[in-house]
Amino acid sequence: MITHSKEFRVQTTVIVPVPGDTDGAWGACRELPDVLSEEAVRSCADLHRIVESQGGIVARLFRTIGGHTAFRLLARDRKSHTLAGSVEWVRGDSGLWVQWDEPVTLCAYGQHRPTTVLAA
């Protein structure tokens, strides 16, 4: 398990395909709060669990909300808003939500904490 040198916090948000858009645009989900949750990250395993479990929670919420065919859960660093992880879910013809692929985190690319962009 890779631990992070310093704890950081991520905020999770949900985006959905924009209805009627043919260019593949995604936008904020109006049925959910702008920030779904805020979590502390101390290790790569923490970040992976947050993205995976929050995606499952949203899939269960969407059973009652309806209307969407897919969603992406994004985890961003609270301070810099750097993308730290994401996962995509799709709803099949049967109505069941399925995680499209494994969650992607910055740890998978050797980044073990969000970097900040310095002003020039």
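Data overview
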quantity: Residues whose placed amide H lies under 5 Å from that of Ser43, excluding near-sequence neighbours; calculated: His4
quantity: Three-way shape label, segment 62-114, alpha-carbon gyration tensor, a/c 1.5; calculated: oblate
quantity: Percent RCO, i.e. relative contact order, over the chain, from Cα pairs under 8 Å lying at least 6 residues apart; calculated: 26
quantity: Unit charges on C-beta of K, R, D, E only; dipole of the chain, Debye; calculated: 380
quantity: Segments 91-103, 11-23, 51-63 sorted - mean Cβ within 10 Å per residue, highest first; calculated: 51-63, 11-23, 91-103
quantity: Tilt relative to the chain, helix 44-65 - C-alpha long axis, 0 to 90 degrees, to 10; calculated: 20
quantity: Sequence-distant residues sharing a close amide H with Ala84 (under 5 Å, placed H); calculated: Ala75, Arg76, Asp77
quantity: Point-to-point label distance, Ser94-His81, nm (Cα→Cβ direction, 7 Å offset); calculated: 4.0
quantity: Value of [θ]222 nm, deg cm²/dmol, for the chain, DSSP H segments ≥ 4, -39500 (n - 2.57) each, nearest 500; calculated: -6500 deg cm²/dmol
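No lab work stands behind these numbers, since they all come straight from the coordinates. The shown structure was predicted, so the numbers you read here are calculated from the model rather than taken from an experiment. Methodologically, a virtual Cβ is constructed for each residue, glycine included, from the backbone with ideal geometry; neighbour enumeration extends over all protein chains shown.
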